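A.B. asks: Below is one structure. I have some questions about it.
The values are calculated or read from the model by the stated rules, or taken from the named source; none is laboratory data. From a predicted model like this one, the values you see are computed outputs, not experimental measurements. Because the Cβ atoms are built from the backbone with ideal geometry, glycine has one as well, and the counts that use them run over all protein chains shown.
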Amino acid sequence: IFRETLSKRGFRVITGLGKYFRQMDKNRNGLLSRAALKEALKVFHLEMPEGDFESLWLILDDSKNDKVDYGEFTHAIFGEMNEYRKTFVRKAYMKLDFNKTGRVPMVDVRKCYCAK
């Protein structure tokens, strides 16, 4: 139900929610607390009954550490990437990993990408 609600609201809400999560993540560990997730949903007018929120939390907090990984949250909402998108991600990664180390330091990303 939550996924359907988000898809009806559109891409801008989903990307806005992602930006909001990253701003809330002060220590940059990619994890959100229950309160932070609930607040973010409220800010984006995605409130739900407490029982539904608890069900969502149980699904998202699969490691039971009382934190939700933002990446896992987006994966749960968006699902698996289709093969078309995966192909482009792989091509982009191969260009960024020009030393073929399997890692892409931010310095290398800056050489190839400008967000302006």
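A.B. asks: Among the residues in the range 74-82, are any over 25 Å from residue 31 (Cβ atoms) and loosely packed, with under 10 Cβ neighbours inside 10 Å?
C.D. replies: There is at least one residue in the range 74-82 that is over 25 Å from residue 31 (Cβ atoms) and loosely packed, with under 10 Cβ neighbours inside 10 Å.
A.B. asks: Free of Cβ contacts under 8 Å to residues at least 40 places away in the same chain and of a type in the set (Phe, Trp, Tyr): does that describe residue 98?
C.D. replies: yes
A.B. asks: In addition: Scan the range 46-70 for residues that are surrounded by 14 or more Cβ atoms within 10 Å (Cβ to Cβ) and either in contact (Cβ under 8 Å) with a residue 12 or more places away in the chain or among the charged types (D, E, K, R) (or both) and report the count.
C.D. replies: Count: 11.
A.B. asks: Assess whether residue 106 counts as being modelled with pLDDT of 85 or more, among the hydrophobic types (A, V, I, L, M, F, W, C) and not assigned by the TED database to the domain that holds residue 13.
C.D. replies: Against the criterion (modelled with pLDDT of 85 or more, among the hydrophobic types (A, V, I, L, M, F, W, C) and not assigned by the TED database to the domain that holds residue 13), residue 106 does not qualify.
A.B. asks: Now for a separate question. For the range 1-45, enumerate the residues that are at pLDDT 80 or above, exposed (fewer than 11 other Cβ atoms within 10 Å of the Cβ), under 13 Å from the mean Cα position of the chain (by Cα) and not basic (Lys, Arg).
C.D. replies: Matches in the range 1-45: 23, 29.
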